[in-house]
Amino acid sequence: MNTSDCAPKLQDSMLTYEQALKAILENCQPLSSETSTLSTALKKVLSEPLKAAFDLPQFNNSAVDGYGVLVEDLLTATPQNPVKLKMVGEVAAGIQECAGLTLNQGECARILTGAPVPGTVEAVVMKENCRVDGDYIHVSCKTRIGESIRLQGEEIEAGATVLKPGTMISPPIIGLIATLGITEFKTYRSPKVAVIATGNELKEPGEPLGEGEIYNSNSYALVAALNAMGVQNVVRYHVRDDREETAKVIKEALENSDLIISAGGVSVGEYDYVKDVCEDLGVDTVFWRIAIKPGKPVYFGVAEGHTFDTCDTSIGDRKLVFGLPGNPVSALVTFNLFVKPAIMKMQNFESKPKRFKAKVARNLKKKSGRLDFVRGMVTATELGVLSAMPASGQESHMLTGLANANCLMHFDQDLEFLPEGEPITIDLLNWFE
Ligand code: AMP
Ligand code: MG
């Protein structure tokens, strides 16, 4: 079955991982743009081109601390027979006094790194090749035209487009924008998110636990995963396993968010209300259930904001709803597989997993029918050969296994056995990008 066969309603059958991802991405659209600054733009995605208003470097400048010279003066210079030059000035970065200095035969000028190189200077010899002797220096090597001079415009010419829309803003890109002298620019808005934990058994960390109760870890882990990718505008909710309460909170979340991520209450249990409540509220189900492990019951739906009376109009009209499974590993793995690419697409960034082939470090066994994302530790054993070892604690309630993992190994849907040493696809797990 190809994906077009699944459209428009995909919920009747279990999708493959690829079909589910495709269906999600088809339903994501870029959010509006907003103004970012050098201190707020990290991890955001540029929505306009940024051009250079001037050449970079802006002027010829020295790459080293040394002495500006005429090349001909040093034709005979060797360590045994250094050439003596008279120092006639000094140029330091940011100090303009000697920028117009003229060198005559037998003369040199001290120039510090980044300082403008006067027009008559042909090369800068490194300080390390010179010995100072009062107002003179002894140079022990030849040079050539342009040595250690960074040329105006050699990196970027004035008017050039330096950064294209769709660029993810990393630390060097922040540096580049600052170098261009730009302080404000347009980036895609990152989504406003509601994270909803479900379950009567949940208590907040720090509270005393009653019998059969556990601490709510999903809310914290999911908010952390959002924050780690630069999404800060997040509201947390907890609902008990009560249909009305669930409906009230999901409605409020739909009115106030671009993206809703619930965890738990989405399977086939008595108290699993998330999917039904979403549908009652007008959310269009795109799919429910994927042939993967962990994460089979994942629900995905789309709602249009104008169908709600009191919708926050400062945010986008389209709302995405992810109902993730409640087991902590399932919630985070499916966040990584599906929510993360959706958030990137909402910022007009096509994210690709960092996918490699590795040798599986021990036999793998399972039932066929679902793609198993085995939490693994990948290491490079020899040049270019990766080895992936399943982490201990593979059950979907065992966060330790995921905490120790640096990759998700794709144990194919149809396979039941994969012997040690066979190649396996892995996606690197990096919560921070
Ligand atoms: P559910 O899908 O609601 O049946 O939840 C599956 C499992 O995940 C159950 O064992 C829940 O107790 C557990 N679980 C659900 N939500 C959370 C949460 N927020 N934090 C930790 N565990 C959870
Ligand atoms: Mg539950």
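The values are calculated or read from the model by the stated rules, or taken from the named source; none is laboratory data. Computed from a prediction, not measured in an experiment: that's the story for all the values here. Glycine also receives a Cβ, built like all others from the backbone with ideal geometry; neighbour counts cover every protein chain displayed. The protein model used for the area step is the full one, side chains on, heavy atoms only, and it has no ligands, DNA or RNA in it. Shrake-Rupley method; radii C 1.70, N 1.55, O 1.52, S 1.80 Å.
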message = Looking at the stretch 124-137 only, could you name the residues that are open to solvent by less than 30 Å² (accessible area, probe 1.4 Å) and in contact with a Leu (Cβ under 8 Å, 6 or more places away or on another chain)?
response = Val125, Ile137
request  = Go through the stretch 138-157 residue by residue and tally those that are of a type in the set (Gly, Ala, Ser) and surrounded by fewer than 16 Cβ atoms within 10 Å (Cβ to Cβ).
outcome  = 1
key: Meets criteria (closer than 15 Å to Thr246 by Cα, over 24 Å from the mean Cα position of the chain (by Cα) and either within 16 Å of ligand 2 (Cβ to nearest atom) or open to solvent by less than 10 Å² (accessible area, probe 1.4 Å) (or both)) for Gly323   = no
query = Regarding Glu184, is this residue at pLDDT 95 or above, over 17 Å from the mean Cα position of the chain (by Cα) and within 16 Å of ligand 1 (Cβ to nearest atom)?
reply = no
ask   = Quick check: anything in the stretch 326-343 in contact (Cβ under 8 Å) with a residue 40 or more places away in the chain, within 16 Å of ligand 2 (Cβ to nearest atom), surrounded by 17 or more Cβ atoms within 10 Å (Cβ to Cβ) and assigned to a strand (DSSP E or B)?
value = no
message = Can you say whether Ala160 is more than 13 Å from ligand 1 (Cβ to nearest atom) and surrounded by fewer than 16 Cβ atoms within 10 Å (Cβ to Cβ), as far as the supplied structure shows?
response = yes
ask   = Can you pull out the residues in the stretch 357-393 that are without any contact (Cβ under 8 Å) to a residue 24 or more places away in the chain and surrounded by fewer than 18 Cβ atoms within 10 Å (Cβ to Cβ)?
value = Thr379, Ala380, Thr381, Glu382, Leu383, Gly384, Ser392, Gly393
task = Only helices (runs of 4 or more DSSP H) wholly contained in the stretch 202-320 count here; list those with 1 or more residues that are open to solvent by 70 Å² or more (accessible area, probe 1.4 Å) and within 16 Å of ligand 1 (Cβ to nearest atom).
result = 218-228, 243-256
request  = With the condition kept exactly as written, say whether any residue in the stretch 368-382 is farther than 17 Å from Ala23 by Cβ and within 16 Å of ligand 1 (Cβ to nearest atom).
outcome  = no
